[in-house]
Each structure stands twice: as structure tokens, then as C-alpha cells.
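The values are calculated or read from the model by the stated rules, or taken from the named source; none is laboratory data. Computed from a prediction, not measured in an experiment: that's the story for all the values here. We place every Cβ from the backbone using ideal geometry, glycine too, and count neighbours over all the protein chains shown. Calculation scope for accessible area: heavy atoms of the full protein, side chains included, ligands and nucleic acids excluded. Shrake-Rupley method; radii C 1.70, N 1.55, O 1.52, S 1.80 Å.
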Amino acid sequence: MFFALEQNIWQLFWSPSQRYTVIMKTTLWIVCLAIVAVHGRPESKERRYDGHQVLKVFPNLLENFKNIEALGDKYNLDFWNHPKHQNGTYDIHVTPEEVTDVMAELKQLGANANVWINDIQSLIEESRPSDRQKRATSTMSMNHYHSYAEINAFLNSIVASNNNTHLYKLGSSGQGRSINLIRFSTGTTSSGAHKKSIFMDGGIHAREWIAPAVVLYMIDQLANNPNSDPDIANLMDKFDWYLVPLVNPDGYEYTRSSDRMWRKNMASSYGTHHSSFRGCGSDEMGVDLNRNFAYHWNPANGGSYDQCEETYAGPHALSEPETQAMAHALDSVSNHTLVYLNIHSYGQYWIYPWGYTSHLPADASDLDHLGRVAASAIYHTHRHRYTVGEDTVVLYSAAGGADDYAKGHSGIKYAYTVELGDTGHYGFILPERYIQPSGQEIWAGVKAMAHELIREYSL
């Protein structure tokens, strides 16, 4: 009836030639909307990294640790990696315009610097699926990196077909995207109490694509058990599982459309002091969400007061809607959550608090033991070694991190930052062929950890 009424209205008010003009204009508008929806804003142009290099720098002298950090401030360098020990290295991203001067100053300091990645753009191209691969994939694949929309569609499909799941909106990002958590639960214990739970999240840093991909891999294991693993039912019976695949959806989508190496969220300017850091011409300069949590928040400790820098900690603790959502979620489930895993890349580390101080938590031996259980299982999967230790010993001092908040504020005993692979060739730009092996080994580590907790707590 509606279609017939619509036809009569058209015949009443427009001639055939006018109807044709309206139809053509409407069709053109719909096509334009579709193009914008697929490709983003027409004026958006993706940042390229042709000729950008990553240097692997050996400080050699103890005083050079401070000297190299000062050099980073001078040139606003992007430190991909900091030394984990006195014989460790910096991985430093330099532009083609900077590389000669930076290399000269490093030589003057007596530091050894070698080109590790010769061209970042070539790795970016390698990490993307080909058009043929995209066409061949009609369903959600654990072999590809996926968009925010595809991730949410996957979560909704799981909840629609699995009675043991529930999807929660923890909050919205700065640009209005949902931050979603999926819970797997078969109910309470026989006594009616909450089961112990394991909480995992990924994608807090936008450019670390492998992190949400690995969280999605674990969601797929719990939901679909594609390998017919008999252990899945037991783990579902013993624990509730909380997984957030994408903490920073705005930044993640920005890396897909505009700047593959973007790290932060997309917060607009807070009116802070600005350096001449790359990318500081826009209103969307962002906050490092893993420096913004409200446990010993301190931009001077591994962060920055300068919004143009990669580690800008925000104007105050929990200033960002993404960290507010995650903090509330952690606090809400803390009384029955045993484990929190904050998944990142790269370097292959399984590290525990504290990040804000070199002092160890009172139960550091427990944290170390469970971390080594996971690392051992990871090694026996694909022979990849994960280093286990405390944040400031294994990585570097950094206040305002999610793992410190989970343990120090929420009271979750086993809180870890997990830095995925690799250790030497790709850094943050891991090709898609590494998604499956990364997911397999981390899932093996998580399962081993869960079984150790079943034994320890007599679950």
C-alpha cells in the first residue's frame, strides 16, 4: 500500500522528465554517501612514511641513557622501544630529514646506531591484505585485521548465537564509538557465588593492530571452539571471561584511514604547551591512554605534559572517556576477578606492576610465578621466548598505566601488561600472517595460567 501511495504522489506532482531528474540526483547522492562511508571523509589523505627509518641504538655508556632521552626531546623522536637493561637498545623512529643529524649526534655521544627498519612505508604495505584477499574473505576471519564495524558485527553475531554470552557497552569514545565488552559465563557456582573471572583487553594503543586481533582470536576460541578443544568447556565452567577487543576505537580507525603509526586516542587540544612534534597541526592531537589511569598518575614519570608528544598523559587522571569506561569496568568486577591482561605490542614481554616505581609489590613472587607459567606454555607453542618481570625492571618507568590501576586501585591480584611479538623485524607493523601464531601462543599461555589458578584456588 505504501508503494502504491508513493507512486500516486509522484504522478501527481512530477512529470516523467522531472521524475527522472530526481531519481538520478538521489541515486548520485546515495552513491556519494556510500563512497564516504567506505573511504572516510573525501578530504582525508593518508600519511605516508616513505624513507622513514627505525634505528636500533646501543647506548654503550651509562650516561648515554639520559643523553639519548635528551636527544629525543630535541628532535621530538618517536621511541618505539626503550632499553630493558644496561645492555639493551633503543628503537627510534626518525624521518628522512632528521636521520643524518640524529646519526651524527649519536656518533658524537659514542652510541652505536644501526638502521633496523629501512623504510616504514614498505612494512605498512606488507601488513595490509591484498584486494584479492579481501574479496576472498566473506566472513570474519582470524587471519586478517578488521575494522571497528567488522569487530562489532562479530561480537553481535556471537551474542546472537550463544546463550552463555552478553555484550556490554562500557561507554563511548571521544568521537562517539562504543567501547564494548563481551562476557562469557555459564552461571554462578554451585553455592550461588560469582565465579572467579579473567579480564583481557587490547587496542589501547592505536597502532598496535596485533593486540585487538589476538583478543578477537581468544573470543573466537571461547565462542566457537574452532579446534574442538575439549579444554574449552572446562575453562568456561571454572571462570567467567571478560574481553574488550578495542579500548581505543577512534585511534584505531584513524590508523586505518589516515596515519598507520598513530598511538593515542583522538582527543582535541587541551590548550597545553605544544612542541613542533609531527602531526601537531590538527585539532586532534590525542592522549596516551596508558598514561591516563588514576593510580599514581604523573606525566613527569614516563609520560609528558606536552600534548604533541606520543606519551602525553592528559590534563588530569581519567580525563578521557576511554579510560573512564575501562576504570569503571575494572572496579565493577574486581571483587571476583583474579587476572587482568592489558595486551600490547611489541617485544615479547609478560610484565607486572609497578610501572610508577621500582619498588616491587608485596606479592611479586606470585606474579612472577604465574607469568612464568604462561611464558613457558607460550614457548612450547611456537618456541618464542617471553621475558617475565616487573614493569620498571623489564620495560621502563611509566606512571598511569592500566596494569598499575587494575592492581593498585581495583585490587586485582594478577595484573599484567603483555607485549606481543615480534622482537626484531616488524615492530608495530606485524603482517597478517602472524595473527594466527600470535593468537595460538597467547591462548596457550592464558590456558596454562588458568589451570595454575584452578590448582592454586581449588576451583
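Considering only region 377-418, how many residues are open to solvent by 50 Å² or more (accessible area, probe 1.4 Å) and part of a strand (DSSP E or B)?
So the count comes out to 1.
For region 142-150, check the following and say yes or no: at least one residue is at pLDDT 95 or above, surrounded by 13 or more Cβ atoms within 10 Å (Cβ to Cβ), in a helix (DSSP H, G or I) and in contact with a helix residue (DSSP H, G or I) (Cβ under 7 Å, 6 or more places away or on another chain).
Yes: one or more hits.
Would you tally the residues in region 171-182 being over 13 Å from L216 (Cα atoms) and in contact (Cβ under 8 Å) with a residue 24 or more places away in the chain? Write out each step before concluding.
Taking region 171-182 as the starting set, the residues that turn out to be over 13 Å from L216 (Cα atoms) are 171-179.
Next cut, in contact (Cβ under 8 Å) with a residue 24 or more places away in the chain only: 171-175, 177-179.
Number of matching residues: 8.
What number of residues within region 31-57 satisfy the criterion of being open to solvent by 70 Å² or more (accessible area, probe 1.4 Å) and at pLDDT 85 or above?
3
This table checks each residue for (1) over 30 Å from F79 (Cα atoms); (2) open to solvent by 40 Å² or more (accessible area, probe 1.4 Å); (3) at pLDDT 95 or above.
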{"position": "V159", "(1), (2), (3)": "yes, yes, yes"}
{"position": "T186", "(1), (2), (3)": "yes, yes, no"}
{"position": "S190", "(1), (2), (3)": "yes, yes, no"}
{"position": "L216", "(1), (2), (3)": "no, no, yes"}
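Return the residues of region 355-374 that are buried (at least 22 other Cβ atoms within 10 Å of the Cβ) and either modelled with pLDDT of 95 or more or not in a loop (DSSP other than H, G, I, E, B) (or both); say none if nothing qualifies. Walk me through it before giving the result.
Residues of region 355-374 that are buried (at least 22 other Cβ atoms within 10 Å of the Cβ), as a first pass: 355, 367, 370-371, 374.
Selection gives L367, L370, G371, A374.
How many of the residues making up region 57-115 are out of contact with any strand residue (DSSP E or B) (no Cβ under 9 Å at 6 or more places or on another chain) and not in a helix (DSSP H, G or I)?
9
Looking at region 287-317, which of its residues are of a type in the set (A, V, I, L, M, F, W, C), buried (at least 19 other Cβ atoms within 10 Å of the Cβ) and assigned to a loop (DSSP other than H, G, I, E, B)? Reasoning before the result, please.
We begin by selecting, within region 287-317, every residue of a type in the set (A, V, I, L, M, F, W, C); these are 287, 289, 293-294, 297, 300, 308, 313, 317.
Pick out the ones that are also buried (at least 19 other Cβ atoms within 10 Å of the Cβ) and you get 287, 289, 293, 297, 308, 313, 317.
Selection gives V287, F293, W297, C308, A313, A317.
Would you please list the contacts, defined by Cβ atoms under 8 Å and residues six or more apart or on different chains, that run from a residue in region 60-71 that is farther than 15 Å from N301 by Cα to a residue that is modelled with pLDDT of 90 or more and open to solvent by 60 Å² or more (accessible area, probe 1.4 Å)?
N60/N112
Looking only at residues in region 58-92 that are aromatic (F, W, Y) and open to solvent by less than 50 Å² (accessible area, probe 1.4 Å), which one is nearest to V115 (Cα to Cα)?
Among them, the one singled out is Y90.
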